[in-house]
Every structure is written in C-alpha cells, then in structure tokens.
1. I want to verify a result. In a Gaussian network model of chain B, Cα cutoff 10 Å, which of these has the top mean-square fluctuation: B:Leu316, B:Leu130, B:Leu228?
2. Given an 8 Å cut-off on Cα distances and at least 6 residues of separation, report the relative contact order of the range A:119-182 as a percent.
3. At a 1.4 Å probe, what is the % contribution of carbon and sulfur to the accessible area of the protein assembly as shown?
4. Which value in deg cm²/dmol, rounded to the nearest 500, describes the helix-derived mean residue ellipticity at 222 nm for chain C, given -39,500 (n - 2.57) per DSSP H run of n ≥ 4 and division by the residue count?
5. What value, in deg cm²/dmol to 500, does the helix sum -39500 (n - 2.57) over DSSP H runs of n ≥ 4 give at 222 nm once divided by the residues of chain A?
6. How high is the relative contact order of chain A, given as a whole-number percent (alpha carbon pairs under 8 Å, six or more residues apart)?
7. Suppose we flag GluC sites (Glu not before Pro) only when DSSP calls them loop and at most 11 other Cβ atoms lie within 10 Å. Which is the longest uninterrupted stretch of chain B?
8. Skip the ligands, DNA and RNA, and give the accessible area per residue of the protein assembly as shown with a 1.4 Å probe, whole Å².
Amino acid sequence: MPDQTANNQGATHYNGSPRPVLEVADLHVTFKTEGGLVPAVSGIDFSVAPGKTLAIVGESGSGKSVSSAAVMGLLPPNAEVTGEVLLDGRELIGLSSEELRRIRGNDIALVFQDALSALNPYYSVGWQVAEAYRLHHDVSKKEALKRAVRMLDLVGIPSAEQRAKAYPHEFSGGMRQRVVIAMALVNDPKVLIADEPTTALDVTVQAQIMRLLEDVQAEFGTALVLISHDLGVVAEVADDVLVMYAGRAAERGSVKDLFHRAAHPYSLGLLGAMPRVDLPPRPRLATIPGSPPSPGSITTGCPFQPRCAYAHLVGERCITERPELTPRPGEGYHEAACHLGRRPEVML
Amino acid sequence: MPDLLWFVLRRLFATVLVMLALSLAVYLIFYALPADPARLACGKPCTPDRLEQARHFMQLDQSVIQQYLAFLKGIFAGRTFGEGAAAVQCNAPCFGYSFPLARPVTTLIVDRLPVTLSIAIGAAVLWLLLGVTLGVGAALKRGKLFDRLAVGFALIGIATPSFLLGLLAILVFGFWLNMVPVNGYVPLTESPVDWAWHLITPWLVLATIQAAAYIRLTRAQMLEEMNLDHITTARAKGAGERRVVAVHGLRGVLVPIVTIFGLDLGALLGGAILTEKVFSMQGLGELLISAVGQLDVAVVVGVTLFSAFLVILANLVVDVVHGVLDPRVGHA
Amino acid sequence: MSSSVVAAVSPTRQALRRVRRDRSARFGAWLVAALIVIAVAAPLLVKLSGQDPYTYHIDLLDPAKGGAPKGALGGVSADHWFGVEPLTGRDLFSIVVLGLRTSLAIAIVATLITTVVGTLVGISAAYFGGWYDGVVSRLLDFLFGFPQLVFMIALGIIVPAEFPRWLLLILVLSVFGWAGLARLIRGQARSLATREFVEAARSVGSSGWHVITRELLPNLLGPVLVIATMAIPGYIGAEAALSFLGVGVPPPTPSLGRSISDSIVWVYTGTDPWFMVFPGIMLFLAVLGFTLLGDGVRDAFDVRLRRAN
Ligand SMILES: Nc1ncnc2c1ncn2[C@@H]1O[C@H](COP(=O)(O)OP(=O)(O)OP(=O)(O)O)[C@@H](O)[C@H]1O
Ligand code: SF4
Ligand SMILES: [Mg+2]
C-alpha cells in the first residue's frame with residue numbers, strides 16, 4: 001500500500017490537508033565529481049497536496065534546486081538519487097527515461113528563475129508553449145498553437161494572438177516569466193515546482209507574478225512547490241514550509257509554526273530575529289554570520305554547529321551527535337532537527 | 001519583415017562600397033609593378049618604337065586612374081584594345097585581357113572555375129557532414145572513447161598542412177595501394193564517374209583538414225549550448241533526449257556553423273590553390289601561380305579581385321542568413 | 001573561527017598550474033620547448049652531424065633511379081641521419097633542422113609584430129569607441145574578408161627580386177595577421193572597458209593612456225597571451241604553404257615547405273617518399289606542438305574567444 005509506506009517513511013502531510021499528490025521521502029542526491037562524492041541532498045522528506053503550497057527556503061547551496069531537479073528526474077548523469085518520489089502514489093525514481101518524459105511537463109512542471117535564459121531564443125513563444133502541449137497531446141500544430149494562445153491569454157499576455165509570434169527577447173522580464181508559467185501550465189499539471197520564480201524581477205512585477213501563481217493555483221487546484229528566498233512571499237502564499245540547511249531539513253511545519261514558533265536556531269537566524277507575533281516578519285532572508293559548510297564536509301554532529309549561537313547551551317552533543325527531526329509544539333507536523341529541547345529564545 | 005529587408009539593403013550598399021575600395025586598392029598596388037608587362041609582350045629585339053606601340057595597345061600609357069576607370073567600365077560595357085584589324089575585343093564582364101595568353105581574363109577564369117569549384121564544393125559537402133556529425137557526437141559523448149577519437153582526429157587534421165596530407169594520400173592510396181588516380185581532372189560533362197573518381201582523393205584530403213576545425217567548433221558550441229537553461233526547459237517540458245538535441249541543441253549551433261561555413265566557402269580559392277598544386281589540377285590557383293611567374297598582371301589582378309569578390313559576397317550572404325536564422329539580429 | 005586564509009595566488013600562477021595539470025598541454029609545452037631548442041641550436045646540431053645543407057653528394061645518388069638516394073629510407077646513414085635530398089644529395093637532416101629554424105623564426109617574429117599591433121589597435125578601439133572604433137572595425141572587416149593566400153602569392157609579382165624574401169614573408173603575414181588578433185583583443189577589451197574599475201578610473205579623471213596601460217593592459221595580458229599562442233601555428237602553416245607554392249624564402253636557404261614541394265615528383269613516382277616524410281613530420285610536429293600549447297593556455301586562462309560584434 002503506497003499510502004501506508006508514505007506515512008511510515010515520514011512523508012506526512014500537514015494540516016490535515018487532502019491526500020498529498022507529491023510525496024518525497026528520504027531523498028538523497030550525491031554527485032560524483034573529480035573531487036570526490038558531493039552529497040548535495042542527504043535525506044529530506046516533504047509532501048504537498050492539491051491546491052496547497054509548500055515553500056522550501058534556505059541559503060544558497062542548501063540543495064533546494066537539486067531537490068526539485070531530482071523530483072523531475074532532471075539531474076545530470078553523474079548524480080545518484082535514492083529515496084522515494086511518489087506522484088499520486090506512483091514511484092518516479094527508477095522509471096525509464098520514456099516513462100519519465102511522459103510525466104515531465106505533463107504531471108509535474110517547472111518554472112525557472114531566469115525566464116530569458118529558460119526560453120529558447122530561436123523559437124517564437126507561441127511555438128514554445130505549443131511544443132510543450134504537443135509533447136503530451138496528439139494534436140495538430142495548429143490546435144496546439146490555439147491552446148498556447150489561450151494559455152498566454154490566461155496568464156495575462158495582452159493581445160496574445162499576435163504576441164505568440166514574437167520571440168523571447170521581444171518581451172519584458174515580467175511578460176517573459178508569464179510565458180514560462182503559461183508553458184508550465186499548458187498541460188494542466190498536478191504539481192508545479194517554481195524555483196525562485198521572481199528573483200530576477202523587480203518588486204512590483206514580483207507581486208504580479210506571485211498573484212498570478214496564486215490565481216492559477218486556485219483555478220486548477222495545482223499543488224505548488226515554491227522555492228524562494230523571499231520570506232515575505234513565503235509568509236503570504238505558503239501553507240507549509242521546509243527549511244533546508246546543507247542538504248538536510250532543519251525544520252518544517254506549517255507557515256504559522258515557522259513564523260511564530262520557529263524551533264531551529266537556523267530558522268531563527270533566517271528570520272533575522274526572535275519571531276514576534278505582533279510584528280510582520282522581515283521580508284528577506286537575514287544574513288547569518290559565517291557560511292554554510294560545503295556538502296559533505298561535516299560528517300558528525302550538527303551541520304549548523306559552527307555558526308550556531310546556541311550550541312554552547314547544549315555542549316558536546318552538537319559536535320558528536322547529529323540531531324534528528326523531532327516533533328515540536330505547533331499546529332500539526334512541526335518538527336526541527338536540533339538538540340535544544342525547548343524554544344531557543346527562552347534560553348537567552 | 002521590413003527590419004530584415006532594411007538590414008539586407010544596408011549590407012548590400014556597404015558591400016558595393018567595399019568592392020569598389022578593394023578593386024581600386026588592388027589596381028593601385030599591382031600597377032606599381034617594377035617589371036613592365038609591355039616589354040615582355042614586345043619580344044626580344046624590342047625597339048623603343050615597338051615598345052611604345054605595345055604600351056599603347058595594352059593601354060599602359062594611361063595614368064593608373066584612367067586605367068582603373070577603363071577597367072571598371074570594361075566590367076559593365078566591355079572594352080577593346082587597339083584599333084582596326086588588330087583590335088582585340090574583350091566582352092562585357094571584362095576583367096582585363098591577358099596578352100601573354102591572348103585571352104580575356106574572364107574567359108580564363110570561367111574556363112578554370114569548374115575545376116576549382118568541383119574540388120571545393122565536393123569537399124565542402126563532405127567536411128560539413130563529417131565535421132558536424134563528429135562534433136555533435138563528441139559533445140554528446142563527452143569524455144567517452146568516441147569523444148577522444150573525434151578530438152584526436154581533429155587535432156591531427158588541424159596540425160597537418162593540407163598539402164602534406166595530400167602528398168601522403170597520393171603516396172598511400174595512389175602509389176602503394178594503387179587504388180585511385182593521383183592527378184588530373186576529368187570534366188563532369190565528359191564522364192561523371194571519372195570526374196568523381198579523380199576528385200575523390202582531393203575531396204577526402206581537403207575534407208579531413210577542414211572537418212577538423214568544424215569538429216572543434218561544433219563540439220565546443222554544442223557543449224556550451226547543451227549547458228544552457230533552455231535545454232533544461234526542453235527536458236522539463238517532456239521532450240525526449242533526441243528531440244532536445246535535434247530541435248533545441250542543434251538550432252543554436254546552426255548559426256555559428258553556417259557563419260563559418262559561408263566564410264570558408266568564400267575563401268575556397270585559398271584552400272584550392274594548395275590542393276590543385278598537389279593533385280596537378282588546372283584550376284584558378286594554378287592560373288594565378290603561373291600568371292605570377294609570367295608577370296601576367298591582368299590575370300593576377302583579375303583572379304585576385306575575383307577571389308576577393310567571392311569572399312565579400314560570402315560575407316554578405318552570411319550576414320543575411322544570420323539575420324534569417326537568428327531572430328535577435330537587427331533588433332538590438 | 002575561519003580555519004585558513006587562502007593564500008592569494010595570481011591568475012597567471014593559477015593558469016600555469018592548470019597547464020601543468022593538463023596532459024595534452026604539458027605534452028605540447030614539452031614539444032614546443034624541444035622544437036625551440038632544436039631551432040636555436042640548429043647550426044650547432046648541423047656541425048655536430050658533420051654536415052651542411054649546401055654541399056652536393058652526387059656519389060650518394062642512384063642514377064638508375066633518376067637521382068634518388070642509394071640505400072633504404074632515402075639514404076639514411078651514420079653520416080646522413082635523415083638521408084639526403086634526391087637529385088643533389090644534400091644532407092636532409094641539416095635541411096630539416098635549419099628549415100625548422102626558418103619556419104619558427106618567421107612565425108614567432110610575425111606573432112610578436114601582430115600581437116603588439118593587434119593589442120594596441122584592439123584596446124584603443126575598445127577604449128575610445130566612437131568613430132575611431134567604427135573605422136577600425138571596417139578596416140578589420142576589410143582585411144578579414146581579404147583572400148589572404150591569393151594576395152600573398154600575387155604580391156610576389158610586384159616586390160623587387162632584391163627585396164629579402166624572409167622579410168617579405170614576415171611583412172605579408174603581419175599585414176594580414178594583425179586583423180584577426182585585433183578583432184579578438186577588441187572583443188576582450190570591450191567587455192572589460194565597461195567594468196566598474198575601469199569606469200571608476202575614468203570617472204576620477206585618469207587619462208586615456210593611464211587607463212589603457214594601468215587598468216586595461218594588465219587585465220588583458222592573459223587573453224593576449226592566449227590569442228598570441230594560438231596564432232603561432234597558423235603562421236607556421238601559412239609560411240609553409242607560401243614556401244610550398246614557391247613564394248617563400250628562395251633556395252638554397254632551407255625551408256620545410258619548399259622541401260615538401262620539391263618532394264612532390266618523388267612521391268608521385270614513389271622513387272623517394274622519404275624526401276617528404278622527414279620535413280613533413282617536422283612541420284607536423286611544429287604545428288601540433290603550438291596548437292596543443294595554445295589550447296592548453298586557452299583552457300588554463302579560461303578565455304572565451306568569441307567574435308564580439
Ligand atoms: N552538477 C553538479 N555537480 C556537483 N555538485 C553540484 C551539481 N549541482 C549542484 N551541486 C552542488 O549541490 C549543492 C546544492 O546546490 P543547489 O543548486 O541545490 O543549491 P540551492 O539551494 O538551489 O541554492 P540557490 O539558492 O543558490 O539556488 C551545491 O553545493 C552545489 O555545489
Ligand atoms: S543541534 Fe546544536 S548546533 Fe545544531 S542547531 Fe541545535 S543547538 Fe545549534
Ligand atoms: Mg537554486
């Protein structure tokens with residue numbers, strides 16, 4: 001029974017949401033490079049239900065993009081992926097490339113950070129959106145183009161019929177990102193993974209794009225995995241949050257758990273201060289002194305230990321024993337990987 | 001596409017200007033010749049009288065500018081040397097008249113062109129196929145045996161001068177194995193089979209040398225292209241690997257390859273000169289070299305200008321093709 | 001806390017380290033070093049072999065074979081390490097090492113000239129821009145679109161016979177060669193000229209000369225080195241081609257290209273293919289060595305040589 005396995009493996013769904021459409025359990029990604037093995041992701045679990053949004057946050061290099069590429073089966077051949085990726089209960093890891101191809105862009109779609117480089121400069125945007133449709137539907141080019149135009153219209157491209165003939169460089173940044181979103185949604189996917197979809201845009205456009213994502217999600221019931229650096233956006237749109245540090249989960253829980261009851265010192269660091277219910281959270285990730293360890297360099301103890309301001313309160317354990325995710329008080333599945341038993345701010 | 005049309009017109013205009021400048025430059029340079037072609041034409045017991053006659057007949061007694069203008073006029077309207085019964089007619093696209101060979105330069109070029117074109121075009125088709133397939137294959141199999149073999153092959157091709165490889169081919173396939181004819185040219189119209197049979201070695205030699213550069217170029221471009229984000233997008237859309245390579249990867253590589261191919265075709269004369277000498281074929285290169293030996297300025301100028309025009313024309317075609325292939329050109 | 005301070009290593013040092021690690025680049029470097037030693041020591045080597053490239057040894061030729069050398073491998077012997085030239089019996093080893101010397105000397109001088117000119121023109125065009133850049137670019141297009149080999153051959157007709165041919169070769173190679181380098185360097189300099197530190201130097205009122213020599217030039221040394229190294233094999237090949245076509249250095253000065261050209265008839269008839277093999281291998285090794293080294297240096301400095309337009 002896939003359902004049961006998923007629950008046992010910890011790919012639990014939060015908040016009593018409907019049954020998750022995407023469940024990831026114990027995901028490991030290791031790159032074989034000239035310099036040796038690079039463990040970029042070392043066992044993470046998450047799941048997301050239709051119509052819900054899971055945000056993944058964490059510093060640069062924490063393995064967010066690698067995780068999402070692993071889910072899509074898009075990693076280069078030198079990556080070794082283990083664990084479980086269940087889409088509607090169907091295991092994706094180990095599928096043949098043809099089976100994976102049929103799922104990619106059809107059931108799970110991806111929105112990239114930089115729309116200019118994500119689009120092919122040599123083909124019109126209409127062609128590119130239509131291609132995404134034709135790859136999964138046996139329709140004529142004309143029909144596919146019609147569908148593409150409808151999609152472009154839906155994501156708010158004015159006079160979509162004409163603009164479909166234009167090339168990516170003829171669009172503004174925000175419009176380009178809309179094209180990419182149209183391309184991702186053209187097959188009505190169950191899961192949409194958006195990897196920092198607004199980082200390359202200016203602030204007003206960012207808000208528009210986020211609103212668009214929320215709208216289409218509401219309309220199609222898409223499950224959204226949002227990778228973001230923008231805690232303001234996360235607080236606004238996410239249902240659940242996964243905080244990643246050095247390829248592992250540091251903390252996860254509902255958005256309220258994270259913003260009001262953060263239990264991991266790293267999460268606190270990201271929020272930049274003690275979480276205060278009466279103040280809105282800081283919009284951007286705060287900088288934490290020091291830098292994350294390179295993948296694989298810390299083998300024992302807590303990966304965050306060298307930068308942790310609370311480590312001295314725990315002592316030896318932070319250096320010798322790796323903290324596992326343990327339940328924390330909160331709305332549901334609030335968990336943090338820290339030896340500190342109580343909420344950190346109480347200790348200070 | 002009015003953008004593209006304007007672009008083409010602008011380039012066309014610039015091309016005509018460059019051709020004019022170039023022909024004037026070539027004319028000025030070559031008419032500073034220290035040796036007097038008229039003296040050569042005049043023969044052994046050369047009286048000052050006869051020399052003067054020869055100079056007048058060859059129109060060498062005019063100033064350089066006058067000669068140049070006459071040359072330009074000759075291209076469009078033809079020209080006549082001398083008067084009366086002795087007059088020599090040089091018809092409309094007249095690129096000068098070779099007195100030592102007693103033929104218009106245009107005729108000489110047209111006579112020799114099939115040889116050079118046969119060598120160059122056959123080789124070009126081969127090297128394009130060879131270079132692009134091996135280059136793409138090497139990029140896709142990066143680091144594997146195939147890649148190493150292709151890169152090694154390219155390196156040897158780059159490091160071997162074409163004339164050396166040509167001689168080696170003659171030695172091995174012509175002399176030792178006695179498989180192919182080692183020299184000579186048979187016109188296509190005479191016998192297509194013999195034509196190809198005589199050309200097969202030069203084609204292969206030239207193609208090997210040139211393919212080397214195309215392997216390196218294609219491989220590098222393809223590696224770069226396959227690392228771009230839009231390739232990942234194509235995969236994320238659900239395109240199969242073959243489609244990703246053929247529709248998305250190759251499309252980006254097309255532009256630089258077509259550019260280089262056009263320029264190489266324009267410069268085909270250079271490569272053909274060496275090949276012609278190695279395989280003893282009477283093409284344009286041979287015409288030029290023997291003209292240099294005989295101080296036949298008209299032919300030297302004619303062939304030089306002709307090959308320069310080919311290069312300039314190729315540049316123009318490449319620019320236009322570039323504009324068609326790359327939607328970003330002309331907008332920026 | 002911070003465990004170690006990374007020693008500041010200059011980019012040049014880093015690049016050298018990378019060349020040392022790259023196997024084919026290392027091979028190229030050794031090959032080039034060996035060839036340069038041979039070229040420099042060529043007169044000494046010739047003396048060591050007890051021969052010279054001018055003396056005829058008719059006694060070593062076989063009149064029955066139309067003047068091809070007696071014995072195997074084109075007459076290789078303890079006295080004549082590479083055998084002798086057919087028809088004249090001159091010592092082929094002397095001809096080959098001295099020919100290499102000629103080739104490398106011409107190629108390296110041409111490289112130096114074109115690098116200096118190309119760098120000056122390329123950088124100044126990128127820095128000053130405007131109409132000057134426009135004129136330079138058109139000039140480069142013009143030279144670039146020129147049928148170089150054709151023109152080089154044709155030039156042979158107008159240069160007086162007294163004019164030294166080696167000098168003519170260098171001039172011709174330089175006149176057509178600098179354009180390619182200038183274009184590449186202009187591209188590199190242009191991307192640099194818009195970077196902050198150059199803008200900064202400009203905005204505090206540094207003179208153009210100062211910005212070029214103090215800011216641009218030092219930062220372009222890597223690319224310039226790469227472009228120059230990669231140009232050398234082209235000059236070696238071009239020199240050989242011109243000599244092959246009979247417009248290079250005149251006899252009796254040894255030349256690899258001319259020897260190969262002279263060998264055509266002996267290859268056709270199969271009477272003495274070794275006459276082609278020895279100069280051929282030397283020419284091949286010279287181009288190969290510099291190509292490998294050039295590739296290695298390019299990868300080490302990580303310079304992307306794209307035509308910037
Ligand atoms: N192809 C690869 N080969 C080797 N290591 C890789 C490869 N791709 C990613 N990594 C490593 O995996 C780690 C995680 O990278 P990832 O791109 O997932 O970070 P990220 O969390 O998305 O960061 P960012 O916020 O900057 O996007 C990094 O340390 C990176 O160096
Ligand atoms: S386990 Fe120790 S070092 Fe790691 S986050 Fe908790 S307190 Fe800090
Ligand atoms: Mg990322």
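The values are calculated or read from the model by the stated rules, or taken from the named source; none is laboratory data. Predicted, not measured: the structure shown is a model, and the values here were computed from it. Positions of Cβ are backbone-derived with ideal geometry, glycine not excepted, and every protein chain shown enters the neighbour counts. Ligands, DNA and RNA are stripped out before the accessible areas are found, and what is left, the full protein with its side chains, is counted by its heavy atoms. Shrake-Rupley method; radii C 1.70, N 1.55, O 1.52, S 1.80 Å.
1. Sorting by GNM fluctuation, first place goes to B:Leu228.
2. Computed value for the range A:119-182: 42 percent relative contact order.
3. Roughly 62 percent of what the probe reaches on the protein assembly as shown is carbon or sulfur.
4. The helix-only estimate for chain C comes to -22000 deg cm²/dmol at 222 nm.
5. Theoretical 222 nm ellipticity from helices: -9000 deg cm²/dmol.
6. Answer for chain A is 19 percent.
7. B:191-332
8. Here the per-residue accessible area is 45 Å².
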